[in-house]
Amino acid sequence: MNILLLYPKIPDTFWSFKHALKFIRKRAGSPPLGLLTVAALLPDHWNKRLVDFNVSTLGPDDMSWADYAFISGMDLQREPTHRLIEQCHQNNLPVVGGGPLFSCAPDKFPEVDHLVLGEAEITLPGFLSDLQAGTPKNRYETAQHPDLQLSPTPDWSLLNMDRYATMSVQYSRGCPYHCEFCNVTTLFGHAPRTKPSAQMIAELNALYSQGWRDQIFFVDDNFIGHRKHLKNDLLPALIHWRETHPEISFLTETSINLADDPELMTMLSQAGFQSVFIGIETPEEACLHEASKSQNQNRDMVADVKRIHQNGIQVQGGFIVGFDNDPPSIFERQIQFIQQSGIVVAMVGLLQAPSGTKLYERLQEAGRLLGFMSGDNVDGSTNILPKMGLDTLKTGYRHILENIYSPKQYYQRLKTFLKDYKPGKVNTSVSREEIFALFRSIFQLGIVGKERLYYWKLFFWTLFRKPKLFPLAITLSIYGYHFRKVCELHVF
């Protein structure tokens, strides 16, 4: 059997880092981990080809070679996915659809030949058994969640790793919280399930043996969801592993209560975690209550962020406007919070309602839905009729982005972060890509860019005051260039 694994192109968005990746001569941030895992679940004797449209294109014989096309994607990739399905059918190639896009709204894809929904470790074996018997059904689904020890090491051999900035692994699925707007628990449940450390180390060794020597993203939606297992099993193993692999660093996603656990922050830093994404959402307590964001309530989140920075971990933050309880002052309050906290990578989006969430159900019942969300966090769109009025919301949203990504505000915030940030051991080795990025940043940001005055001020301030953080300062300067380009494209 010949299987063509297809990952549709991701539009130019906040997290695509398209404009920043050019500085290091990469084509995409990270590979499609789900499809690589599915590839490892397929029979060993089957032939497999991966086409990630973010880094490559179809070869002249790919469609005619394949017996089936396996397609996965997210909400953000809905339109290119529909086009890809049509292209497959024009070439008489049956399509198997799986992943979040299909699992959350399977009825929106009647043209797909076979839907393998939910977590593939459970649903894929049934499809494969029926396929080999010649009796495949249209839909395979279950409400069960698998033990992650059933999940194989992803098939890294299908990748051209040189085209990616980071690699991805997954330690856990599920989240203990009940945020109204989040579909993570719809997909993976509330009880966090984890892989044992031996399994994770085997995955990391497999990546290393393929030649990977750079950053690795733990894609868990809440890496600290099962804190006991993390502190007693995985983190000690990672700390030990990095003694012989010091060039590898990690990033992941956590909840804000990481700031409450000094021991955990220390262990994360020792294990090589350099940054975490945290859903801050809003400084407005009434909105946190509205969204059932209990873990963020009744705390000083600016102080929390600074505490994490002071423990050697950079916070990347997610923010939302458009809650029912947002006051008129929310736009200025968001700007103030972001600037004071020193969160350089601040993703601000309009509230959207993913299908399958409690928010989607509530607003559908109230007649306040405008169809499906785009999946793009910063394109200025929403599938919700906001209480404050759409024009007011979009005007305020534009005001936030014009402020936080203006060169003056952005570089001011970057400097605030660098003053607070106290990393542990810093890897001082510099790659060829980083050298290339430095010289390109000098030209793009320091000579022709609108930000050149602020770039040079930061350049020399960091060089003389925080020399060990100089590479990070340049990286974050480049990120700012990307964010401004994305905002110019979608919002301004």
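What follows draws every value from the coordinates through simple rules; no lab data is involved. Source: prediction; values computed, not measured. Methodologically, a virtual Cβ is constructed for each residue, glycine included, from the backbone with ideal geometry; neighbour enumeration extends over all protein chains shown.
Once the Cβ-Cβ distance of GLN87 and ASN427 is raised to the sixth power relative to R0 = 45 Å, the FRET efficiency obtained is 0.55. Here the peptides 13-19, 82-88 are ranked by packing, the mean other Cβ count within 10 Å, and the order with the highest first is 13-19, 82-88. Whole-Hz Karplus values for segment 310-316 come out as 5, 9, x, 10, 7, 9, 9 Hz, taken residue by residue from phi with 6.51 cos²θ - 1.76 cosθ + 1.60 and θ = phi - 60°; glycine and proline positions read x. On a C-alpha basis, how far is the centre of segment 1-43 from the centre of segment 330-360 in Å? Whole number, if you could? Taking the Cα centre of segment 330-360 as reference, the centre of segment 1-43 is 26 Å away. Within straight-line reach of LYS137, meaning a Cα separation under 13 Å, sit the following aspartates and glutamates at least 8 residues removed in sequence or on another chain: ASP113.
Normalised by the number of residues in segment 432-482, the average gap of Cα pairs under 8 Å and 6 or more apart makes the relative contact order 34 percent. Placing dummy labels 7 Å off each Cα toward the beta-carbon, the span from ASN298 to ARG362 is 2.0 nm.
Evaluating 6.51 cos²θ - 1.76 cosθ + 1.60 at θ = phi - 60° for every residue in segment 98-105, the Karplus couplings come out as x, x, x, 4, 7, 5, 7, 8 Hz, glycine and proline recorded as x. Taken as Cα centroids, segment 111-161 and segment 90-107 sit 12 Å apart, rounded to the nearest whole angstrom. Pairs from the table (LYS419/LYS457; LYS293/LYS358; LYS425/LYS466; LYS306/LYS415; LYS231/LYS306; LYS18/LYS468) lying more than 18 angstrom apart at Cα are LYS231/LYS306; LYS18/LYS468. Here the calculated FRET efficiency for ASN2 and PHE439, from their Cβ-Cβ distance with R0 = 35 Å, stands at 0.20, rounded to the nearest 0.05.
Straight-line cross-link partners of LYS485 among the aspartates and glutamates, defined as a Cα under 16 Å from its Cα and at least 8 positions apart when in the same chain: ASP12, ASP376, ASP379, GLU402, GLU451.
On the basis of the beta-carbon distance and an R0 of 35 Å, GLU488 and ASP324 show a calculated FRET efficiency of 0.70. Once backbone amide H atoms are built at 1.01 Å from N, ILE3 has ASN47, LYS48, ARG49, ASP67 as its partners under 5 Å, excluding neighbours fewer than 5 places away on the same chain.
Could you state the number of Å between the C-alpha centres of segment 193-227 and segment 434-492? Here the two parts' Cα centres lie 30 Å apart. Computed on the chain, with alpha-carbon pairs under 8 angstrom and 6+ residues apart, the relative contact order is 13 percent.
Normalised by the residues of segment 367-443, what does the relative contact order come to in percent, with Cα pairs under 8 Å and at least six apart? Please report the intermediate quantities before stating the final value.
Values: 23 pairs, mean separation 11.9, N = 77.
Dividing the mean separation by the residue count of segment 367-443 yields 15 percent.
Straight-line cross-link reach from LYS195 at under 14 Å between alpha-carbon atoms covers these aspartates and glutamates, not counting any fewer than eight positions away in the same chain: GLU121, ASP147, GLU203, ASP220, ASP233.
Would you mind telling me the antiparallel percentage of the DSSP bridges in the chain, rounded to 5? Write down the numbers at each step before the final one.
On the way: 3 of 43 bridges.
Given both bridge residues lie in the chain, the antiparallel proportion sits at roughly 5 percent.
Taking other residues whose beta carbon is less than 12 angstrom from the beta carbon of ASP147, and scoring Lys, Arg as +1 and Asp, Glu as -1, yields +1.
Isolated cysteines of the chain, defined as having no other cysteine beta carbon under 4.7 Å away, are CYS88, CYS104, CYS175, CYS287, CYS487. Peptides 414-423, 306-315, 430-439 ranked from most to least packed, by the mean per-residue count of other Cβ atoms within 10 Å: 306-315, 414-423, 430-439.
Arrange the peptides 189-196, 220-227, 92-99 so that the one whose residues have, on average, the most other Cβ atoms within 10 Å appears first.
On the way: 189-196: 18.5, 220-227: 22.4, 92-99: 20.5.
Going by the mean number of other Cβ atoms within 10 Å, highest first, we get 220-227, 92-99, 189-196.
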